[in-house]
Amino acid sequence: MERESLDPFAILAVLGVTDATAATPVSGGQDTAIWRVDRPGGRYALRVFAPGEERKCAREVATMRAAAAGGIPIPMVHADGSWHGRPALLLSWCPGRTLFAALQAHPLRVWPLGVMCGQMQARLHTIPLREAPPYAPDQWLNWGGTLDARLRERLLAVARRPLVLCHFDYHPLNVMTDGERVTAVLDWPNGLPGDPRADLARTIVLMQFVRPSLRPHEEALVRCFLRAWWHGYHRGRGSLGEMAPFYAWAGDVTVRDQEQKIGQPGIALQSADLDPLRRWTDQWKRRAGISSTVRE
């Protein structure tokens, strides 16, 4: 989002905040603009959406409240409003740093950090959500666009009920830690009721394919983190059942999500960059019994 045209102090004033002493831009939000806001009483985060995204903002707030009710640490909403058609939220500033930053600073702690990440996602998936507003029935299936009918039918045949709270953007940049525990799970615009296997598959796709190029030792670190995350998630939960159609779903929706970003200002992504994920997705479609066009 273009942040240069936004005045954080004017937006804060609309939210009823007039005592801010500083507003510092924060990197990390692709779909929203974020500032760290300093006030005499403490530190907050200002999150500003694109024009016309009122429903998206309202759904995110509703999902965050459901997560908080289930015991998940999240940023608290202190104020909400709209500035020139842009929804805005004033959130509590969460202590600690992202799991990604913690991993960079302490690579030898990759296993406990990964286990911690997986355990929190497993905890998230204990929160049941009913198919009620603002969620449409089976909305997760068509996240990112209309799903292939064959894959949709396959997923409906194996999907679990009741649906649980899924983040659908769960990765080390959206999880905060103080080194000993998870202090917050951030960025909930994709949160929906869904099958937990879909959320797990989406996390795997994000950590394997939607990230900057890494050096060989960093690649090894990511692989170890993934194993630790998987171990932490499954500790005490047992097998979740068949995963193939969910891997196919996660790859499919992520390809379409990333394709929408090609050509946007500041985005260097090219269509060819998605070819490894396309091939991976095709492989899982075939394993799930869904024919797919083989890409060379």
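The GNM of the chain, with springs linking C-alpha atoms under 10 angstrom apart, assigns the highest mean-square fluctuation among V48, V14, V185 to V14.
The separation of region 151-198 from region 84-98, counted between C-alpha centres, amounts to 20 Å. Distance distribution note for region 8-92: the fraction of Cα pairs above 19 angstrom is 35%.
Of the peptides 115-123, 226-234, 149-157, 213-221, the ranking by mean beta-carbon count within 10 Å, highest at the top, reads 115-123, 226-234, 149-157, 213-221. Rounded, prolate or oblate: which one fits region 173-230, using the alpha carbon gyration tensor with axes a ≥ b ≥ c (rounded when a/c is under 1.5, else prolate when a/b beats b/c, else oblate)? Verdict is oblate for region 173-230. The amide H of M76, built 1.01 Å from its N in the peptide plane, has S92 as neighbours under 5 Å, considering only residues 5 or more places off or on other chains. FRET efficiency for T183 and V14, Cβ-Cβ distance as r, R0 = 35 Å, nearest 0.05? Efficiency computed from Cβ-Cβ geometry: 0.75. With 10 Å bins beginning at zero, the pair-distance distribution over Cα atoms of the chain amounts to 6, 26, 35, 26, 7, 1, 0 %.
Per-residue ellipticity at 222 nm computed for the chain from its helices equals -12500 deg cm²/dmol, with DSSP H segments shorter than 4 residues left out and the rest contributing -39,500 (n - 2.57).
Based on Cα contacts under 8 Å between residues 6+ apart, region 8-92 shows a relative contact order of 29 percent. With the highest mean first, a sort of the peptides 265-271, 53-59 on other beta-carbon atoms found within 10 angstrom per residue produces 53-59, 265-271. In order along region 138-148, phi translates into HN-Hα couplings of 6, 4, 4, 4, 9, 4, x, x, 5, 7, 3 Hz, rounded to whole numbers, per the Karplus curve 6.51 cos²θ - 1.76 cosθ + 1.60 with θ = phi - 60° and x for Gly and Pro.
Backbone geometry of region 118-128 corresponds, through the Karplus equation with coefficients 6.51, -1.76 and 1.60 at θ = phi - 60°, to 3J(HN,Hα) couplings of x, 5, 5, 5, 5, 5, 4, 7, 8, 8, x Hz, x marking Gly and Pro. Note the angle between two axes, namely the Cα long axis of helix 216-234 and the longest principal axis of the Cα atoms of the chain, as a number of degrees from 0 to 90, rounded to the nearest 10. Once rounded, one gets 80 degrees. 3J(HN,Hα) along region 265-270, derived from phi through the Karplus expression 6.51 cos²θ - 1.76 cosθ + 1.60 where θ = phi - 60°, amounts to x, x, 9, 8, 4, 10 Hz, with x in place of Gly and Pro. Please determine, in degrees from 0 to 90 and to the nearest 10, the orientation of helix 54-69 with respect to the longest principal axis defined by the Cα atoms of the chain, where the helix direction is its Cα long axis. Helix 54-69 and the main axis of the chain meet at about 80 degrees. Relative to the longest principal axis of the Cα atoms of the chain, the long axis of helix 196-209 lies at roughly 80 degrees.
Close amide-amide hydrogen proximity is noted between A288 and no other residue 5 or more places distant or on a separate chain, at a cut-off under 5 Å (H modeled in the peptide plane; Pro and chain starts excluded).
FYI, it's all coordinate maths here, none of it is from the lab. This one's a predicted model, so the numbers in the text were calculated from it and none came from an experiment. Positions of Cβ are generated from backbone atoms using ideal geometry, with glycine treated the same way; all protein chains shown enter the neighbour counts.
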